[in-house]
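Peer 1: The structure under discussion is supplied below as structure tokens; questions concerning it will follow.
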Amino acid sequence: MLPATRTARLRFGALLVALAIAFSVEDAWAQVPTAGTFASAPAYSTSGQAAVVFRGGTVDQLEAAARLTSAGGVWAQSPNGAFQLLVVDGPAFLRDAFKAQFPAGFSSSTAVTLVAARSAVPPGNDPRPIALRSVGGKTWSQPTEMGPYPLTPGDTTYFVLEQAGTVWAVQNGTATTILDLRDRVTLSSEEGLLSMAPDPEFATNRYVWIYYAAANPRRTVLARFTRNANDLAINRDSALIVLETPQPFPNHKGGAIRFGPDGMLYLGLGDGGSGGDPNGNGQNLGAMLGKIIRIDVRAASAAQPYLVPGDNPFVGSAGARGEVYAYGLRNPWRMSFDSASGALWAGDVGQGAVEEVDVVQRGGNYGWNITEGDRCYKPSSGCNRAGLTAPVAAYDHSNSRCSITGGFVYRGTLVPEIAGAYIYADYCSGEIWAIRADAPGTPVLIATGAKQITSFGIDANGELYVLSQGQPIRQIVRP
């Protein structure tokens, strides 16, 4: 039964937190009992940042209720009264407590139908200027990705991709090639080795997911590889091809692989290239190009490389690809999940006039090629914006600007000047901006002169790095 008073509500929340401490077990979402009409709902974390136990309702109802709540033991009822939601600051293992509380699962008589444990999202600051400091000593030619690559808990090893087709590990300041795919990768200005993400269970399964451009026929490839058991190297013969996407032109490959708080794999795909989206992919839900897709690769095999999650927004829609999570993208060049809020941020490269920053929502249409950034594109004026999601920030090509490079929401601890801000840059001008994630407003210019920024990197502590062609990696630091 739901508590009848706020005092009882808070006591109930405290009881669950206490139970959570007692039942802090391995992060194993699959063990949580589910029942009712919505048993395929996403686990809102397999990483320990958040957890959800549920019964009944739809994704839209869940999201509507989540928007109505605030952290701190507050109950909020969904608009249709179908269920209630409790947000409790505290341990991320509340689902284990709920499993203990309801070992047989949920039934129609269980009034508490959704319980979420989330770490409260820290408030952001108004961004201020930062500085850059070179790290590692090595000059990188065409770096496209950087991220943690730990062999053991607490290990500070990180990986770096070179666009030509090599993966490097940097351990204690020494860079070593751990995978060479140059014979499989096609290299051009926008083709090459574009992204890598260690699996959420990398510590035990040693999987890494890699996205690259290939030829004959021209296509992009999403593949899973496996790191060797006793060293840093990735076994190039371990490749499991998960998805091959035909590509009509050599540009607009997108290519950021990101695992969401729900454990699903998200991949940004450009519109296929040329100019102006000649094949109309951006607005075509039947095409994979010009989209962010969401797939389940947890049980990937040669026989069944991936599953389409049943709660993807266009599953069952006539003529639509079930993999599609969001559409109307031209060339999403770098995207990332906010580690505190779970929001998905993306930088989408413009055609020739405007660059944009998007907060990507389930089923969202980001406008291309009806709009380019915050302007009409086709037609050039008077376009129909009904149903389109506007960018949270946009900028034109004045001051030698040309192409956005998306980054991360900063959740590290060493640079309070950008705490809680989304960081992004322009490739040509070398300008770096920050925009508050909790209350997006006018972007703040926080650095200049860092030209040819191809990507941003992140380490295990949430500290951010700038990757530029022909430069050492540079860490964002206090001025």
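Since every read-out is calculated from the coordinates, none of them should be taken as a lab result. These figures come from a predicted structure and were not determined experimentally. Here the Cβ positions follow ideal geometry from the backbone for every residue, glycine too, while neighbour counts run over all protein chains shown.
Peer 1: Between region 277-325 and region 419-440, how many Å separate their Cα centres?
Peer 2: Taking the Cα centre of each part, region 277-325 and region 419-440 sit 29 Å apart.
Peer 1: Roughly how many debye, to the nearest 20, is the charge dipole of region 146-204 about its Cα centre, given +1 on each Lys and Arg Cβ, -1 on each Asp and Glu Cβ, and no other charges?
Peer 2: The dipole magnitude comes to about 120 debye.
Peer 1: Per residue of region 456-471, what does 6.51 cos²θ - 1.76 cosθ + 1.60 with θ = phi - 60° give for ³J(HN,Hα)? Whole Hz please, x for Gly and Pro, Karplus curve as stated.
Peer 2: Listing the rounded values in order: 10, x, 9, 9, 5, 9, x, 7, 9, 9, 10, 10, 10, 5, x, 9 Hz.
Peer 1: What ranking do Thr371, Thr448 get, fewest neighbouring Cβ atoms within 10 angstrom at the top?
Peer 2: Final ranking by Cβ density, sparse to dense: Thr448, Thr371.
Peer 1: Quick one: in region 131-477, what % of C-alpha pairs are over 36 Å apart?
Peer 2: In whole percent, the share of Cα-Cα pairs in region 131-477 beyond 36 Å is 13.
Peer 1: Can you list residues whose amide H is under 5 Å from Leu151's amide H, if they're 5+ apart or on another chain and H is modeled 1.01 Å from N?
Peer 2: Thr157
Peer 1: Provide the per-residue ³J(HN,Hα) series for region 325-335, in order, calculated from phi with Karplus coefficients 6.51, -1.76, 1.60 and θ = phi - 60°, each as a whole number of Hz, with x at glycine and proline positions.
Peer 2: After applying 6.51 cos²θ - 1.76 cosθ + 1.60, I find 9, 8, 9, x, 9, 8, 7, x, 9, 5, 9 Hz.
Peer 1: Which ³J(HN,Hα) values, rounded to whole Hz and listed in residue order, are derived for region 342-355 from phi using the Karplus coefficients 6.51, -1.76 and 1.60 in 6.51 cos²θ - 1.76 cosθ + 1.60 with θ = phi - 60°, glycine and proline given as x?
Peer 2: x, 5, 9, 10, 9, x, 10, 6, x, 6, x, 10, 9, 9
Peer 1: Could I ask something else about it? Distance check, please: which entries in Lys291/Lys451; Lys253/Lys451; Lys138/Lys291 exceed 23 angstrom between their Cα atoms?
Peer 2: Details: Lys291/Lys451 28 Å; Lys253/Lys451 21 Å; Lys138/Lys291 35 Å.
Over 23 Å Cα-Cα: Lys291/Lys451; Lys138/Lys291.
Peer 1: Determine, for Asp183, Asp348, Asp374, the number of other Cβ atoms within 10 Å of each Cβ, and report the residues in order from fewest to most.
Peer 2: Values: Asp183 7, Asp348 30, Asp374 15.
So the residues, fewest neighbours to most, are Asp183, Asp374, Asp348.
Peer 1: Quick one: net charge around Gly457, please, counting Lys, Arg +1 and Asp, Glu -1 for every other residue with C-beta under 12 Å from its C-beta.
Peer 2: -1
Peer 1: Could I ask something else about it? Ser195's amide H: which non-local residues (gap 5+, or another chain) put their own amide H closer than 5 Å, with H modeled 1.01 Å from N in plane and none for Pro or chain starts?
Peer 2: When sequence neighbours closer than 5 places are left aside, the close amide H contacts are Tyr211.
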